[in-house]
Amino acid sequence: MTDINFVEREMTTEELAQMNAGFDQHATEHGSPPVPSKRYGFVVMDGETFIGCASGLTNDNYKWFYLTDLFIEKDYRGQGLGAALLRKLEKRLIELEIPNIWTWTAGYEAPGFYKSQGYTVFAEMENWYVSGHARVGLWKSLY
């Protein structure tokens, strides 16, 4: 180590690739070679109009599914579409033999909704948002 410097800036594309390759190598050395995530999801249509979606990503060994998006347009909320959509996605995950699902939501958004669908809180980060609301992590075992 001759001339080490700490520089405050964003990584270049090449540096990001080097970092990711290093993480992949480290994971492989510890018996967990990288496996690309796969996205699964559904959209909800009213005729030809998009009104919502649920989608997310598998983890490397297909034991967990990260629900990245669950959205219903405001005019369609309160009709059970979100719950039906989540059940449809969960059914698909069971068919794929993915036993667990998890997500993050804002404290002002949907913790109560997820709890009513059988999810359990695993983390709550108070004052995450400028509004003072928490960031809430929830998970569910599908079988």
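The values are calculated or read from the model by the stated rules, or taken from the named source; none is laboratory data. No experiment lies behind these values; they were computed from the predicted model shown. Cβ coordinates were reconstructed from backbone atoms using ideal geometry, including for glycine residues, and neighbour counts include every protein chain displayed. SASA here: full protein model, heavy atoms, side chains in, ligands and nucleic acids out. Shrake-Rupley method; radii C 1.70, N 1.55, O 1.52, S 1.80 Å.
In this structure, does Ala83 turn out to be part of a helix (DSSP H, G or I), at pLDDT below 95 and hydrophobic (A, V, I, L, M, F, W, C)? Show your work before the answer.
On the way: part of a helix (DSSP H, G or I): yes; at pLDDT below 95: no; hydrophobic (A, V, I, L, M, F, W, C): yes.
No.
Filter region 119-130 for residues that are surrounded by 14 or more Cβ atoms within 10 Å (Cβ to Cβ) and under 22 Å from Ala84 (Cβ atoms) and give the result.
Tyr119
From the list Glu29, Glu10, Glu15, Glu48, exactly one residue is more than 24 Å from Trp139 (Cβ to Cβ), out of contact with any helix residue (DSSP H, G or I) (no Cβ under 8 Å at 6 or more places or on another chain) and open to solvent by less than 100 Å² (accessible area, probe 1.4 Å). Which is it?
Working: Glu29 fails: open to solvent by less than 100 Å² (accessible area, probe 1.4 Å); Glu10 fails: open to solvent by less than 100 Å² (accessible area, probe 1.4 Å); Glu48 fails: open to solvent by less than 100 Å² (accessible area, probe 1.4 Å).
The match here is Glu15.
Residue check, Phe71 against (1) of a type outside the set (Asp, Glu); (2) within 16 Å of Leu142 (Cβ to Cβ); (3) part of a strand (DSSP E or B), all met but one. Which one?
Looking at each condition in turn, Phe71 falls short on (2).
When residues of region 95-112 are filtered for being surrounded by 16 or more Cβ atoms within 10 Å (Cβ to Cβ) and either under 23 Å from Lys74 (Cα atoms) or modelled with pLDDT under 95 (or both), how many remain?
Looking only at that region, the number is 5.
For region 131-143, give me each residue that is under 23 Å from Gly41 (Cβ atoms) and open to solvent by less than 30 Å² (accessible area, probe 1.4 Å). Give the derivation first.
We begin by selecting, within region 131-143, every residue under 23 Å from Gly41 (Cβ atoms); these are 135-143.
Residues satisfying the conditions are Val136, Gly137, Leu138, Leu142.
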